[in-house]
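J.: What follows is a structure written as structure tokens; I'll ask about it next.
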Amino acid sequence: MGSLDESSPYLRAQANLAELKLDRMCASMPDYVRMVSDGERDFAQAMAEMTQAEVGARRERVMRQRIRSSGFPYVKTLADFDWSFQPSVPRAKVEELATLRFVDEAENVLLVGSPGVGKTHLAVAIGVEAVKVGREVRFCDCARLVDDLKDAASRGILKKRLQYYAHSKLLIIDELGYLDIDEHGADLMFQLVSTRYEQRSTIITTNVGIGGWARVFGDDVAASAIADRVCHHCTLIKITGRSYRLKDVPSDRRKGD
């Protein structure tokens, strides 16, 4: 059996493409060899199309990896949102947020509403748009975020961990208010919000209006200080209506639960 160097140029080219992990080019090579042979493409056209397909595939892989590393619980877009089910959502305002102007201006977004009305969906959709244009995004469940900061404080690396969260161009804090936060947690949240204030954008989803944050944080002063920094440059969207997750449950069953 001859060595690869002694094989045909076609086989050597395929082997080289495979070794370079240019899988899309390798897969399309037989079709383009035929098209060049039949005069449907010249060599430059074939190379341009093959490399463009490879570039597109690589960008998709990078995008998928960046979305995974952002910590989203799932991937949703605004195209997936059922606007007709939640008419209280100001569609024009949400679509304007998706242009990411608020991120460029280090402004915040506060999405307020009962469970299941679409707050997290909208936050994820805006976050995905940010990832698509190369912004660093970090999605965190509020309770886990507080626990992570507490752990960092206990290990003497709080400053480093705050810098980690502060660095993201867009930080999404999900489900603030579902669990109360103790005094230590409130202080840590204040430090994080202060670090990002007027420097980076934050989206917060919550089932508790700002007036109820004193209960969440267990302290009027801490709640006021956090709300002051979050809301200074902020778009507030209040979503009313019933849970999308319960839309197929008959009303008599919902009343009985």
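J.: Considering every residue within the stretch 79-92, establish whether at least one is surrounded by 13 or more Cβ atoms within 10 Å (Cβ to Cβ) and touching an Asp or Glu at 6+ places or on another chain (Cβ under 7 Å).
T.: No, the stretch 79-92 contains no residue that is surrounded by 13 or more Cβ atoms within 10 Å (Cβ to Cβ) and touching an Asp or Glu at 6+ places or on another chain (Cβ under 7 Å).
J.: Here's a follow-up. Can you tell which of Val103, Val62, Val36 is assigned to a helix (DSSP H, G or I), of a type in the set (Val, Ile, Thr) and modelled with pLDDT under 90?
T.: That would be Val62, the only listed residue that is assigned to a helix (DSSP H, G or I), of a type in the set (Val, Ile, Thr) and modelled with pLDDT under 90.
J.: Scan the stretch 132-149 and give yes if some residue there is surrounded by fewer than 21 Cβ atoms within 10 Å (Cβ to Cβ), farther than 19 Å from Lys76 by Cβ and among the basic types (Lys, Arg), otherwise no.
T.: yes
J.: I'd like to verify a number: residues in the stretch 44-58 that are surrounded by fewer than 13 Cβ atoms within 10 Å (Cβ to Cβ) and within 26 Å of the chain's Cα centre (by Cα), how many?
T.: Residues that pass the stated criteria total 2.
J.: So for the stretch 9-24 (the condition being closer than 27 Å to Val131 by Cβ and either touching a His at 6+ places or on another chain (Cβ under 6 Å) or part of a helix (DSSP H, G or I) (or both)), does at least one residue qualify?
T.: Looking for residues that are closer than 27 Å to Val131 by Cβ and either touching a His at 6+ places or on another chain (Cβ under 6 Å) or part of a helix (DSSP H, G or I) (or both), one finds at least one in the stretch 9-24, hence yes.
J.: Identify, by number, the condition in (1) acidic (Asp, Glu); (2) part of a loop (DSSP other than H, G, I, E, B); (3) farther than 30 Å from Val137 by Cβ that Glu49 doesn't meet.
T.: (2)
J.: Related question: Run down Ala27, Ala44 and say which single residue is assigned to a helix (DSSP H, G or I) and over 14 Å from Ala13 (Cβ atoms).
T.: Ala44
J.: Could you list, in sequence order, the residues of the stretch 178-200 that are hydrophobic (A, V, I, L, M, F, W, C) and either open to solvent by less than 40 Å² (accessible area, probe 1.4 Å) or not in a helix (DSSP H, G or I) (or both)?
T.: Leu179, Ile181, Ala186, Leu188, Met189, Leu192, Val193
J.: Shifting gears a bit: Kindly provide the set of residues from the stretch 150-177 that are in contact (Cβ under 8 Å) with a residue 40 or more places away in the chain, more than 14 Å from Arg138 (Cα to Cα) and open to solvent by 60 Å² or more (accessible area, probe 1.4 Å), ordered by number.
T.: Glu175 - this is the single residue of the stretch 150-177 that is in contact (Cβ under 8 Å) with a residue 40 or more places away in the chain, more than 14 Å from Arg138 (Cα to Cα) and open to solvent by 60 Å² or more (accessible area, probe 1.4 Å).
J.: Okay, moving on. Within the stretch 160-177, is even one residue among the small types (Gly, Ala, Ser) and over 21 Å from the mean Cα position of the chain (by Cα)?
T.: No, because not a single residue in the stretch 160-177 is among the small types (Gly, Ala, Ser) and over 21 Å from the mean Cα position of the chain (by Cα).
J.: Could you tell me whether any residue of the stretch 132-142 is part of a helix (DSSP H, G or I) and within 21 Å of Met63 (Cα to Cα)?
T.: yes
J.: OK, next. Can you go through Arg61, Arg41, Arg24, Arg66 and tell me which one is within 30 Å of Arg144 (Cα to Cα) and surrounded by 14 or more Cβ atoms within 10 Å (Cβ to Cβ)?
T.: Arg66
J.: Quick one: count up the residues across the stretch 97-125 that are open to solvent by 60 Å² or more (accessible area, probe 1.4 Å) and either in contact with a Ser or Thr (Cβ under 6 Å, 6 or more places away or on another chain) or within 17 Å of Ile239 (Cα to Cα) (or both).
T.: Count: 2.
J.: Tell me yes or no: at least one residue of the stretch 75-97 is in a loop (DSSP other than H, G, I, E, B), in contact with a Lys or Arg (Cβ under 7 Å, 6 or more places away or on another chain) and either under 30 Å from Met25 (Cα atoms) or aliphatic (A, V, I, L, M) (or both).
T.: No, the stretch 75-97 contains no residue that is in a loop (DSSP other than H, G, I, E, B), in contact with a Lys or Arg (Cβ under 7 Å, 6 or more places away or on another chain) and either under 30 Å from Met25 (Cα atoms) or aliphatic (A, V, I, L, M) (or both).
J.: Quick one: how many residues across the stretch 201-220 are within 18 Å of Asp141 (Cβ to Cβ) and either open to solvent by 70 Å² or more (accessible area, probe 1.4 Å) or part of a helix (DSSP H, G or I) (or both)?
T.: 3
The values are calculated or read from the model by the stated rules, or taken from the named source; none is laboratory data. This is a predicted model, so every value here is computed, not measured. Glycine also receives a Cβ, built like all others from the backbone with ideal geometry; neighbour counts cover every protein chain displayed. Heavy atoms of the whole protein, side chains included, go into the accessibility calculation; ligands, DNA and RNA do not. Shrake-Rupley method; radii C 1.70, N 1.55, O 1.52, S 1.80 Å.
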